[in-house]
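Working notes, beginning with the structure itself.
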Ligand SMILES: Nc1ncnc2c1ncn2[C@@H]1O[C@H](COP(=O)(O)OP(=O)(O)OP(=O)(O)O)[C@@H](O)[C@H]1O
Ligand SMILES: [Mg+2]
């Protein structure tokens, strides 16, 4: 499904659309300044012929005056051109950044299993920066010189058609290499940026996991790997630079060669009197302008090609299709949402493991307000079922429904607004306690946040933090203990006050005493709320309405604790291991006395 580069770049052009007015101003300024520069040469011609050759002071004065006026206008035009072209560059880059971020933040989570976060980050930051600098300066240079080249050639013709034919023969000789090497540079530039993205991804992961890296003395290895990435990036950059150097050298040589031929032919004409000195001066001036323009274009064209490569990568991100989207006419849950959650004949395989179902033929109904515990061995598919309820993935077979409405018929945003989850690894975000608890309800008042923290038994430790609720938690909440993070995550869910509650080992990181307290708070929260609770410690799920046992993706039994002890061998085994052990330990202790 790879789109061709030109199609991708065509899409990029849509980012210019809203700025027609600014483009017009920039274009006028461009044409204006180019025209003035070319016009200026006409004054040079008069200055040489009238002033120097004929010795007329009056004509010389007039010509100089005109020259000064044109130069002043030129200054104004240059300001407008530079300002507006740079403005466009910055504006478009900002829009692209925003569009790419807004797009990827909505993408289905499965997308990020294949695409590394570091790589995506690098695209949004380094690629856009490249585009920014290129559009801001190189594009302006390229456009200006393109105009100078075309305009200069026209004036050459007007000044002396015979000499111009010499120029015409040289042009294809110069344009050829520009196009050939330019394309090569673009391809190389893409892989160069790709390599830089790899480097970025590597740094990101190892720094985030710095303690594990150092605990396992992995620095030397990481260092080596990182060096390899950097060296590859360097090699790619080198071949790009080589191409560019070739391009510049060839073009400059050809241009100066052509100039030499022209001055030689023109000089003969001045000597034998068929051309004035002013004419030749003007002609050479135009030729120099054209030559300089071609040279400048050949230099920036590789910059432009680099930007095109970066643009391609960004457009690819923008084109990534979201697999989890709202239907065209999403159904509404309205105010009378009850919270009936039904899972019917659900089968789901993760995209990376299409042959091993993580959930297989699971059917489960949770009545409004009912609390159900999900138990089962590690890897049974419990967390996966939560992901399905939140519609992070769509099932291959079967369905999930809320109040009888298939969740695929709802806007995911609406669906998720009724659910709060405390996930297995509680996630904190850079920011303070307020921001982290308010995550699901940014408009909540300070009192509400405090009440939620109180209910989650988080306030006791928050009050002891150096700045209380204003304490900054560090990246991913690195300044908190596991159990503290968990309590903040619970406070966040309490504050959101949803109809459906998903708790994935919400109390696993707490000590026995806090766990008992938080458990009480959670039970209060679960009352009259549709709740699904995952817990490895069966003692924490004794008070739920029903227990469902998952094993290897299948729902093998459900019922009360007592029922399951009788009917489900797996459950009985789990229970005997957990409830027998303390007694076994006690006996062991007794006998050792
Ligand atoms: N993103 C993923 N891609 C592929 N397979 C996955 C992915 N996430 C989980 N799995 C697999 O799906 C199965 C179910 O995983 P899941 O996380 O639902 O287990 P769980 O019951 O929550 O286990 P635990 O009690 O250890 O948390 C496992 O075999 C796991 O390896
Ligand atoms: Mg899990």
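The values are calculated or read from the model by the stated rules, or taken from the named source; none is laboratory data. Here the structure is a predicted model, which is why all the values come from computation and not from measurement. Neighbour counts run over all protein chains shown; Cβ positions are idealised from the backbone, glycine included.
Here region 524-537 is the region considered, the condition is being surrounded by 15 or more Cβ atoms within 10 Å (Cβ to Cβ) and more than 16 Å from ligand 2 (Cβ to nearest atom), and the residue that is nearest to residue 386 (Cα to Cα) is 531.
Regarding region 362-370, can at least one residue be identified that is assigned to a strand (DSSP E or B) and within 13 Å of ligand 1 (Cβ to nearest atom)?
Yes, because at least one residue in region 362-370 is assigned to a strand (DSSP E or B) and within 13 Å of ligand 1 (Cβ to nearest atom).
In summary, residue 189 fulfils each of the numbered conditions (1) touching a helix residue (DSSP H, G or I) at 6+ places or on another chain (Cβ under 7 Å); (2) surrounded by fewer than 22 Cβ atoms within 10 Å (Cβ to Cβ); (3) closer than 30 Å to residue 316 by Cβ with the single exception of condition (2). Being buried (at least 17 other Cβ atoms within 10 Å of the Cβ), touching a residue at least 60 places away in the same chain (Cβ under 8 Å) and touching a helix residue (DSSP H, G or I) at 6+ places or on another chain (Cβ under 9 Å), is that true of even one residue in region 209-231? Within region 209-231, not a single residue is buried (at least 17 other Cβ atoms within 10 Å of the Cβ), touching a residue at least 60 places away in the same chain (Cβ under 8 Å) and touching a helix residue (DSSP H, G or I) at 6+ places or on another chain (Cβ under 9 Å). Out of all the residues in region 539-553, which are modelled with pLDDT of 85 or more and either within 20 Å of residue 390 (Cα to Cα) or within 16 Å of ligand 2 (Cβ to nearest atom) (or both)? 548, 549, 550, 551, 552, 553, listed by residue number.
Restricting to region 512-543, count the residues that are within 16 Å of ligand 1 (Cβ to nearest atom) and not in a helix (DSSP H, G or I).
Step one: of region 512-543, the residues within 16 Å of ligand 1 (Cβ to nearest atom) are 532-538, 540-541.
Right, trim to not in a helix (DSSP H, G or I) and you get 532-537.
Within region 512-543, residues that are within 16 Å of ligand 1 (Cβ to nearest atom) and not in a helix (DSSP H, G or I) number 6.
Restricting 358, 310 to those that are under 30 Å from residue 243 (Cα atoms), in contact (Cβ under 8 Å) with a residue 12 or more places away in the chain and crowded, with 20+ Cβ neighbours inside 10 Å reduces the list to 310.
Take the conditions (1) surrounded by fewer than 20 Cβ atoms within 10 Å (Cβ to Cβ); (2) more than 16 Å from ligand 2 (Cβ to nearest atom); (3) modelled with pLDDT of 90 or more; residue 341 misses just one of them, which is (1).
Against the conditions (1) part of a strand (DSSP E or B); (2) farther than 21 Å from residue 349 by Cβ; (3) away from ligand 2 (no atom under 16 Å from the Cβ), residue 414 satisfies every one except (1).
Yes or no: residue 397 touching a residue at least 12 places away in the same chain (Cβ under 8 Å) and under 22 Å from residue 553 (Cβ atoms)? Break it down into steps so the answer makes sense when it comes.
Working: touching a residue at least 12 places away in the same chain (Cβ under 8 Å): yes; under 22 Å from residue 553 (Cβ atoms): yes.
Yes.
Only one of 99, 71 is surrounded by fewer than 18 Cβ atoms within 10 Å (Cβ to Cβ) and closer than 20 Å to residue 321 by Cα. Can you tell me which? Spell out the reasoning first.
Details: 71 fails: closer than 20 Å to residue 321 by Cα.
Result: 99 is the single residue among 99, 71 that is surrounded by fewer than 18 Cβ atoms within 10 Å (Cβ to Cβ) and closer than 20 Å to residue 321 by Cα.
Of all residues being surrounded by 22 or more Cβ atoms within 10 Å (Cβ to Cβ) and within 21 Å of residue 422 (Cα to Cα) in region 545-571, which is nearest to ligand 1 (Cβ to nearest atom)? Just the residue, please. Looking at residues that are surrounded by 22 or more Cβ atoms within 10 Å (Cβ to Cβ) and within 21 Å of residue 422 (Cα to Cα), I get 550.
Got a sec? Which of 290, 375, 294, 300 is within 16 Å of ligand 1 (Cβ to nearest atom) and surrounded by 14 or more Cβ atoms within 10 Å (Cβ to Cβ)? Can you show your working first?
Details: 290 fails: within 16 Å of ligand 1 (Cβ to nearest atom); 294 fails: within 16 Å of ligand 1 (Cβ to nearest atom); 300 fails: within 16 Å of ligand 1 (Cβ to nearest atom).
Only one candidate qualifies: 375.
Select from region 134-161 the residues that are free of Cβ contacts under 8 Å to residues at least 40 places away in the same chain and out of contact with any helix residue (DSSP H, G or I) (no Cβ under 7 Å at 6 or more places or on another chain) and write down the one among them that is nearest to residue 309 (Cα to Cα). Working first, answer last.
Looking only at region 134-161, we keep the residues that are free of Cβ contacts under 8 Å to residues at least 40 places away in the same chain, and these are 150, 154, 157-158, 161.
This time we only want the ones that are out of contact with any helix residue (DSSP H, G or I) (no Cβ under 7 Å at 6 or more places or on another chain), so: 150, 154, 158, 161.
Numbers: 150: 27, 154: 33, 158: 39, 161: 40 Å.
Per the stated criteria, the residue is 150.
Screening region 479-510 for residues that are assigned to a loop (DSSP other than H, G, I, E, B), modelled with pLDDT of 85 or more and more than 16 Å from ligand 2 (Cβ to nearest atom) and picking the one that is surrounded by the fewest Cβ atoms within 10 Å (Cβ to Cβ) gives 481.
Among the residues of region 375-410, those identified as under 19 Å from residue 351 (Cβ atoms), more than 16 Å from ligand 2 (Cβ to nearest atom) and in a loop (DSSP other than H, G, I, E, B) are 391, 394, 395, 396.
Inside region 321-358, can you point out the residues that are in a strand (DSSP E or B), more than 16 Å from residue 110 (Cα to Cα) and within 16 Å of ligand 1 (Cβ to nearest atom)? Spell out the reasoning first.
From region 321-358, those in a strand (DSSP E or B) are 331, 341-348; that's our starting set.
Restricting the remaining residues to those that are more than 16 Å from residue 110 (Cα to Cα) gives 331, 341-347.
If the condition is that a residue be in a strand (DSSP E or B), more than 16 Å from residue 110 (Cα to Cα) and within 16 Å of ligand 1 (Cβ to nearest atom), then 343, 346, 347 are the ones that fit.
The criterion of at least 1 residues that are within 19 Å of residue 292 (Cα to Cα) is met, among helices (runs of 4 or more DSSP H) falling completely within region 129-224, by 140-159, 161-208.
Region 31-124 holds no helices (runs of 4 or more DSSP H) entirely within its bounds that carry 1 or more residues that are under 30 Å from residue 309 (Cα atoms) and assigned by TED's automatic domain parsing to the domain that holds residue 351.
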